[in-house]
Every structure is written in structure tokens, then in C-alpha cells.
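S.K.: What follows is a structure written as C-alpha cells; I'll ask about it next.
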Amino acid sequence: MDHLKEKIRHVPDFPKAGILFYDITTLLQDPEGFRAAIDSLALPFTDQRIEIVVGIESRGFIFGAAVADRIGAGFAPVRKAGKLPSPCIRASYDLEYGTDSLEMHNDAIRAGQRVLIVDDLLATGGTARATTELVKRLGGEVHALAFLIELLALNGRDKLAGENVHAVLQY
């Protein structure tokens, strides 16, 4: 997967000093790289009877929708609070300084549906954990979570104990 890592721009000190930001926009601009990223996210879940792919705002929409199309599943977005127009359920998660919330339409998942959660990055695991909670509250079966990038030093998998986690690239 080194060929994909070469297509991701590293931006030091963004969004604040001491942070190394992995900018995927350069990967998205490259047709072959983008296709390879989607293939790498989708391939493990082909023929796994996934019914709905849930994409986490915002880059999870890019990858999740493409993966859903590739594996023949529907797509449902998880958004920041107040962005969805119909009745929603909400889950909160911790940030470095405070909390934030995610929402999902309360009819986005039917009881018993097999769900794949997709996002671009697994860092501390807070948003992924909150999304997993939303899916389960609606009766969905979380088959797996798939990420393009996992930042190993932040131990995001710890918040996803017991879940099937797939990461294409690890840093």
C-alpha cells in the first residue's frame, strides 16, 4: 500500500502546532489512487451481504458512498448535530476539550440490517464509537468498520473493542 501513502500529502503543524495532518485531497485528485483506495476499502466486504454503508461526515461520505456503490449496498450519512432534515437520534463523544455530537436519521437503518461503517481516518476512535452506537440503537448489525488511514499511536481501536476493524493504511 506504499503507492497510496505516496499520494497523501503530509502537512506539518495543521490544524495546530505539533500535529501532522494527512491530507487525502491529493489522493482524491489522482484517478488511479482514488480507485485503488476505494478498491482496498471495498474488497474485503464484497459478498459479505452488507446492506447499508454508513459514512461519517465529511470525508466518510466520499469513501462510503463509493464503497456502497462498489459492493451493491445502500448508503446512509452520519452528520454533525443539526444538519439532517428529518427526525434523528444522537450520540455524543469526547473531544480533547469538550464533547461533540453526531446524528443519524431514525429511519436510516432497519433492525437486523448488516452495516459497514466507513470513514477516512481512525484517530482516537470517538466518532467511530459514536457511530457504532447509533447503528446499534437503530437495530443494525455492525459487520465492520473500514478506514483508509489508522493512526496507531492514538489507539482508536481501543474504543472499538469487539468490533471488526479494517484499515488500509497505518501510520
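S.K.: Kindly indicate the residue of region 87-123 that is β-branched (Val, Ile, Thr) and under 30 Å from ASP39 (Cβ atoms) and also nearest to the chain's Cα centre (by Cα) among those meeting that condition.
M.R.: Only one residue tops the list, namely VAL118.
S.K.: Just to be sure I understand the filter: pairs with C-beta atoms under 8 Å, separated by 6 or more residues or on different chains, first member in region 44-58 and at negative phi, second member among the β-branched types (Val, Ile, Thr) and in a loop (DSSP other than H, G, I, E, B). Which pairs pass?
M.R.: If the second residue must be among the β-branched types (Val, Ile, Thr) and in a loop (DSSP other than H, G, I, E, B), the pairs left are ILE52/ILE109; VAL54/ILE109.
S.K.: Also: Keeping to region 59-85, report how many residues are in contact (Cβ under 8 Å) with a residue 40 or more places away in the chain and more than 27 Å from ASP23 (Cα to Cα).
M.R.: Matching residues across region 59-85 total 1.
S.K.: I would also like to ask the following. Being in contact with a Ser or Thr (Cβ under 8 Å, 6 or more places away or on another chain) and either at positive phi or surrounded by 20 or more Cβ atoms within 10 Å (Cβ to Cβ) (or both) is the requirement here; does ALA130 meet it?
M.R.: Yes.
S.K.: What are the pairs with Cβ atoms under 6 angstrom where one residue, in region 158-171, is closer than 14 Å to ASP119 by Cα and in contact (Cβ under 8 Å) with a residue 24 or more places away in the chain and the other, located anywhere, is buried (at least 17 other Cβ atoms within 10 Å of the Cβ) and among the polar types (S, T, N, Q)? Sequence gap at least six, or different chains.
M.R.: Every condition considered, the pairs that remain are VAL168/SER40.
S.K.: Search region 134-150 for residues that are more than 22 Å from ASP120 (Cβ to Cβ) and pair each with any residue that is at pLDDT 95 or above and of a type outside the set (A, V, I, L, M, F, W, C) when their beta-carbon atoms are under 8 Å apart and the residues are at least 6 apart or on different chains.
M.R.: Within 8 Å, the pairs are LEU138/ASN106; LEU138/ARG110; GLY139/ARG110; GLY139/GLY112; GLY139/GLN113; GLU141/GLY112; GLU141/GLN113; GLU141/ARG114.
The values are calculated or read from the model by the stated rules, or taken from the named source; none is laboratory data. Since we're looking at a predicted model, the values are computed, not measured. Heads up, the Cβs are rebuilt from the backbone with ideal geometry, glycines too, and the neighbour counts pull from every protein chain shown.
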